[in-house]
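The values are calculated or read from the model by the stated rules, or taken from the named source; none is laboratory data. Please read all numbers here as calculations on a predicted model, not as lab measurements. Here the Cβ positions follow ideal geometry from the backbone for every residue, glycine too, while neighbour counts run over all protein chains shown. For the accessible areas, the whole protein counts, side chains as well, though only heavy atoms, and no ligand, DNA or RNA atoms are used. Shrake-Rupley method; radii C 1.70, N 1.55, O 1.52, S 1.80 Å.
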Amino acid sequence: MEITAAVVEEQHGPFVVREVELEDPGPGDVLVKVAATGFCHTDGIARDGDLPFPLPGVLGHEGAGTVVAVGEGVTGVREGQAVVLGWPYCGGCRNCQAGEPRYCLRLGELVGAGHRLDGGSALRTADGGPLASHFFGQSSFATYSMTSASSLVPVPDGLPVELMGPLACGLVTGAGAVFNTIRPEAGSSIVVYGAGTVGLAAVMAARNSAATTIIAVDRHAARLRLATDLGATHTVDATDTDPVQAVTEICGGPADAALDCTGVISVVRQAIDSVGMLGTAVLIGGAPAGAEFTADHMTTLWGKTIRGTLGGSGRGQAAITALMDLHAQGRFPFDRLVEYFPLDRIEDAVEASYSGAVVKPILRMPT
Ligand SMILES: [Zn+2]
Ligand SMILES: [Zn+2]
């Protein structure tokens with residue numbers, strides 16, 4: 001079938017909206033009519049070659065929409081069901097079997113091979129040329145997405161499906177770092193470096209936890225105001241303040257936990273230095289390929305944990321469902337982060353994301 005997609009022709013190239021060909025669903029496939037897809041910096045990283053993905057291809061990995069057809073052998077989803085397209089996983093490897101599908105040992109192939117795990121690309125150019133599909137198992141910068149049943153998360157009745165896609169990546173990444181990795185103890189302190197989508201999700205998650213000191217650090221005053229609205233008890237503008245010193249003053253000593261949501265190496269060090277004995281520094285933000293960081297040896301010996309996390313760890317489906325419920329209850333108001341763009345203005349959405357003008361752009365598909 002003919003669909004509309006934003007195609008990246010070459011590394012660093014623009015997103016070009018055009019008609020392309022999508023196969024009919026085969027065994028194990030689920031065809032989703034995409035309502036909307038969030039733009040995430042990981043899409044930009046893939047376009048620029050820091051995350052390998054064959055080009056030309058279709059990116060997009062924060063999609064949500066409606067199931068319109070299922071292939072042979074698919075169970076557990078039905079036509080007409082509203083779904084979030086979650087991260088793919090193989091289901092058979094050691095980590096998947098241990099309940100850690102975010103660390104699926106085949107994750108690299110599943111997100112970046114440009115085709116199904118055991119098959120070809122679902123996409124072709126209009127004149128029959130090669131076109132990579134299945135970015136994060138979905139390639140959802142398109143009016144339709146070919147995906148697999150295991151990654152789908154049903155959207156409860158009454159929630160706007162077009163809003164829900166970003167829950168599957170940036171939002172669950174920040175919230176999961178708090179819920180699954182830090183698991184704050186009563187009265188504990190958390191400092192969040194970077195008040196973008198991931199950091200603000202962490203702030204909202206911390207607000208739903210027993211942590212009582214929640215510090216947001218950023219360089220944009222507007223984002224710090226938003227962080228306060230969403231649950232930060234303190235903010236630090238790092239433009240003119242040493243954030244490590246500020247955190248120490250606020251907490252009366254080091255923080256219990258720090259999250260780096262920026263991927264900026266100097267900020268990674270500040271996050272590590274913000275926690276003390278038995279403290280935990282969690283690295284979330286994506287740095288350029290090959291980046292390295294350092295830590296002070298002596299203070300790391302003080303029982304400090306420096307830990308990385310992908311996609312919020314844990315079982316993504318359960319976490320995404322929980323975030324939808326929290327949103328419906330008014331306890332995870334991530335709609336405050338969002339601005340909608342039509343698919344044909346994808347370049348404006350990308351620019352708004354990189355300039356910081358919009359925290360989470362969402363691309364609406366033409367109907
Ligand atoms: Zn696996
Ligand atoms: Zn993402």
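Summary of values
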| read-out | value |
| --- | --- |
| P(r) tail fraction, region 175-279 - alpha-carbon pairs more than 25 Å apart, % | 6 |
| Among Gly356, Gly330, Thr4 - extreme Cα towards positive end, dipole of the chain, charges at beta-carbon | Gly330 |
| Net charge of Cβ neighbours under 12 Å - reference Val70; Lys, Arg +1; Asp, Glu -1 | -3 |
| Calculated on alpha-carbon atoms, Rg and Dmax of region 129-185 in Å | 14.7, 55 |
| Packing-based order for 256-264, 306-314, using average beta carbon neighbours within 10 Å, highest first | 256-264, 306-314 |
| Carbon plus sulfur fraction of accessible area for region 264-363, probe 1.4 Å, in percent | 54 |
| Å² of accessible area per residue within region 110-226, as computed with a 1.4 Å probe and no ligands counted | 31 |
| Computed [θ] at 222 nm, deg cm²/dmol, the chain (DSSP H ≥ 4; -39,500 (n - 2.57); rounded to nearest 500) | -7000 deg cm²/dmol |
| Distant alpha-carbon pairs in region 77-171 (separation over 22 angstrom), percent | 33 |
| Rg(Cα)/(2.2 N^0.38 Å) for region 1-51, N = residue count | 1.34 |
| The chain - charge dipole about Cα centre, Lys and Arg +1 at Cβ, Asp and Glu -1, debye rounded to 20 | 920 |
| Directionally averaged shadow of region 98-243, computed from the convex hull of its alpha-carbon atoms, nm² | 12.4 |
| Amide H within-cut-off set for Leu363, under 5 Å, with H built and near neighbours excluded | Thr37, Gly38, Phe39, Phe341 |
| Point-charge dipole on Cβ atoms (K/R +1, D/E -1) for region 57-143, about Cα centre, debye to 20 | 160 |
| Pairwise label distance in nanometres, Arg364 with Glu351, each label 7 Å out on the Cα-Cβ vector | 2.1 |
| Surface accessible to a 1.4 Å probe, per residue, for the residues of region 235-324, Å² | 48 |
| Two-site FRET efficiency, Glu10 against Trp302, from Cβ-Cβ distance with R₀ of 51 Å, rounded to 0.05 | 0.55 |
| Probe 1.4 Å - accessible area at Glu19, Å² to nearest ten | 80 |
| Contact order relative to length of the chain, as percent, for alpha carbon pairs under 8 angstrom and 6 or more apart | 17 |
| Within the accessible area of region 1-56 (1.4 Å probe), percent carbon and sulfur | 51 |
| Net length gained if the chain between Arg183 and Thr241 were fully extended (0.36 nm per residue, minus Cα distance) | 18.0 nm |
| Alpha-carbon Debye profile of the chain, log10 I(q)/I(0) at 0.06, 0.07, 0.12 Å⁻¹ | -0.21, -0.29, -0.84 |
| Cα pair distances in region 1-100, grouped into 10 Å bins until the bin that holds the longest one, percent each | 13, 36, 38, 13, 0 |
